[in-house]
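Student: Take a look at this one; I'll ask things after.
The values are calculated or read from the model by the stated rules, or taken from the named source; none is laboratory data. Computed from a predicted structure; not experimentally measured. Neighbour counts are summed over all protein chains in view; Cβ atoms, including those assigned to glycine, are modelled from backbone coordinates with ideal geometry. Accessible surface is based on the protein model in full, side chains and every heavy atom, while ligands, DNA and RNA are left aside. Shrake-Rupley method; radii C 1.70, N 1.55, O 1.52, S 1.80 Å.
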Amino acid sequence: MALTVFYLSGLFGRGCNHTDNRLFMYICSQIINIPFMTIGVPKEIKNNENRVAVTPAGVEALVSAGHSVKIQTSAGAGSGFPDQAYEKAGATIVATADEAWAEKMVMKVKEPIESEFKYFRSDLILFTYLHLAAEAKLTHALVEKKVTSIAYETIQLPNGTLPLLTPMSEVAGRMSVQIGAGLLEKPHGGKGVLLSGVPGVRRGKVTIIGGGVAGTNAAKIAIGLGAEVTMIDNNLDRLRQLDDIFGYQVTTIASNSANIAKAVKNSDLVIGAVLIPGAKAPKIVTEAMVKVMEPGSVIVDIAIDQGGMFETVDRVTTHENPTYLTHGVIHYSVGNMPGAVPYTSTIALTNATLLYALQIANKGFAKAFTDNGSLLKGLNTHEGKVTYKAVADVHGLAYSEAKF
């Protein structure tokens, strides 16, 4: 066997190109049982979604590990990564989504939309953000086609952190204040408040509901802009941590209906950042609370991917048409906020996802799940069953514990 591999290495030689290297690795994989995964990366087609699932550096790591990567042409252009950069890293550029989706494992950024359901099949491993608690049609399609779907957002470490959701929560949290500050300007329909105020004029009031990653990052930017910041959370230990982090720069308040109603009423900008991993977001801010906000105030719902946490958030908006007015209050509920800053977001996402993608590709999903319990928590559907309980519960489907 060693002689065979030695002969093949001499046959392909030092001067071989990336195609030769992939062929060499594939032949070796068949001879000495080295895992070999074919990976497809289609272009994102959601409105103004300019991110891509992997950077050229990520492709280089996957190819160096012996795997084949096909990138749909111009998939990385919106993030600043041209086809040539991917080819140099060892990827094959394919003309159509059909070709990218035909591979064994497909890596994406956003959940597939209905026009992509036709690509689902029983031998497909889908690795992407899914947010199935808010996506009944997608959930049923994945179950019907028996797709092995792994959701970035439910992979969970033993300490409870969500390593693949964290970078995009950081981006969305920071963006939320930046966006809210702009919407408060009068030309954008806002009440005309500058968050920092000026000497002799009050600062803008920002309330952040949820003290997790997104909420904490929102607070950093709001404080940096000079706003008066209130943070609300139902976990007293977390409020103590936030108090230690920010000190007198924020006011921390325990979450209950009375406290939320008072804070929302007095705010210029309210940011919703509550997350229950894998589950639908609770409707914490009622319509009655929104009705008493001053006209031109702004709501930014970061939790919209999981269904939204404001009763008045009744739709997912797009970067093309990001806002709507209800009770005189500007509502922003874009479902892919980080897609507006794709260069930053794509690099941050690949930094987090690549480790797990390599585990799946190197070991196969069954062995990867067995070896890594955190990765197993990312499994949402498999063999026609829902394997994440919060998703099963919200859609009234049977839950099946995955075993490998």
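Student: With respect to the numbered conditions (1) part of a loop (DSSP other than H, G, I, E, B); (2) among the hydroxyl-bearing types (Ser, Thr, Tyr); (3) surrounded by 24 or more Cβ atoms within 10 Å (Cβ to Cβ), which one is the sole condition not fulfilled by SER74?
Tutor: Condition (3) is where SER74 drops out.
Student: While we're here: Of the conditions (1) of a type in the set (Asp, Glu); (2) modelled with pLDDT of 95 or more; (3) buried (at least 20 other Cβ atoms within 10 Å of the Cβ), GLU114 satisfies every one except a single condition; which number is it?
Tutor: Looking at each condition in turn, GLU114 falls short on (3).
Student: Another question about this same structure. I'd like to verify a number: residues in region 380-404 that are within 19 Å of the chain's Cα centre (by Cα) and surrounded by 21 or more Cβ atoms within 10 Å (Cβ to Cβ), how many?
Tutor: Of region 380-404, the ones within 19 Å of the chain's Cα centre (by Cα) are 380-381, 388, 390-391.
Next, only the ones that are surrounded by 21 or more Cβ atoms within 10 Å (Cβ to Cβ) stay: 380-381, 388, 391.
Within region 380-404, residues that are within 19 Å of the chain's Cα centre (by Cα) and surrounded by 21 or more Cβ atoms within 10 Å (Cβ to Cβ) number 4.
Student: A further question follows. Any residue at all in region 117-125 that's open to solvent by 60 Å² or more (accessible area, probe 1.4 Å) and under 14 Å from the mean Cα position of the chain (by Cα)?
Tutor: Of region 117-125, the ones open to solvent by 60 Å² or more (accessible area, probe 1.4 Å) are 118, 122-123.
Right, trim to under 14 Å from the mean Cα position of the chain (by Cα) and you get none.
The answer is no; no qualifying residue exists.
Student: Would you kindly identify the strands (runs of 3 or more DSSP E) lying entirely within region 137-248 that contain at least 2 residues that are more than 23 Å from ILE360 (Cβ to Cβ)? Break it down stepwise before answering.
Tutor: On the way: elements: 148-151, 205-209, 228-233.
By residue number, 205-209, 228-233.
Student: Across region 331-349, what is the total count of residues that are over 11 Å from the mean Cα position of the chain (by Cα) and open to solvent by 10 Å² or more (accessible area, probe 1.4 Å)?
Tutor: Number satisfying all stated conditions: 7.
Student: Another question about this same structure. So which residues in region 285-308 are modelled with pLDDT of 95 or more and surrounded by 17 or more Cβ atoms within 10 Å (Cβ to Cβ)?
Tutor: VAL285, MET289, VAL290, MET293, GLY296, SER297, VAL298, ILE299, VAL300, ASP301, ILE302
Student: Determine which single condition VAL106 fails, assuming it passes every other condition in (1) touching a Ser or Thr at 6+ places or on another chain (Cβ under 7 Å); (2) buried (at least 20 other Cβ atoms within 10 Å of the Cβ); (3) more than 16 Å from ILE347 (Cα to Cα); (4) of a type in the set (Val, Ile, Thr).
Tutor: Failing condition for VAL106: (1).
Student: With respect to GLY224, determine if the residue is small (Gly, Ala, Ser), free of Cβ contacts under 8 Å to residues at least 24 places away in the same chain and surrounded by fewer than 15 Cβ atoms within 10 Å (Cβ to Cβ).
Tutor: Numbers: small (Gly, Ala, Ser): yes; free of Cβ contacts under 8 Å to residues at least 24 places away in the same chain: yes; surrounded by fewer than 15 Cβ atoms within 10 Å (Cβ to Cβ): yes.
Judged against the criteria, GLY224 is a match.
Student: Still on this model: Exactly one condition in (1) assigned to a helix (DSSP H, G or I); (2) in contact with a strand residue (DSSP E or B) (Cβ under 9 Å, 6 or more places away or on another chain); (3) surrounded by fewer than 21 Cβ atoms within 10 Å (Cβ to Cβ); (4) modelled with pLDDT of 90 or more is false for TYR26; which is it?
Tutor: (4)
Student: Here is a further query. Please enumerate the residues belonging to region 126-156 that are open to solvent by 60 Å² or more (accessible area, probe 1.4 Å) and closer than 21 Å to ALA368 by Cβ.
Tutor: LYS146
Student: Please state which of the following conditions SER176 fails to meet, knowing it meets all the rest: (1) crowded, with 21+ Cβ neighbours inside 10 Å; (2) over 24 Å from HIS331 (Cα atoms).
Tutor: For SER176, the exception is condition (2).
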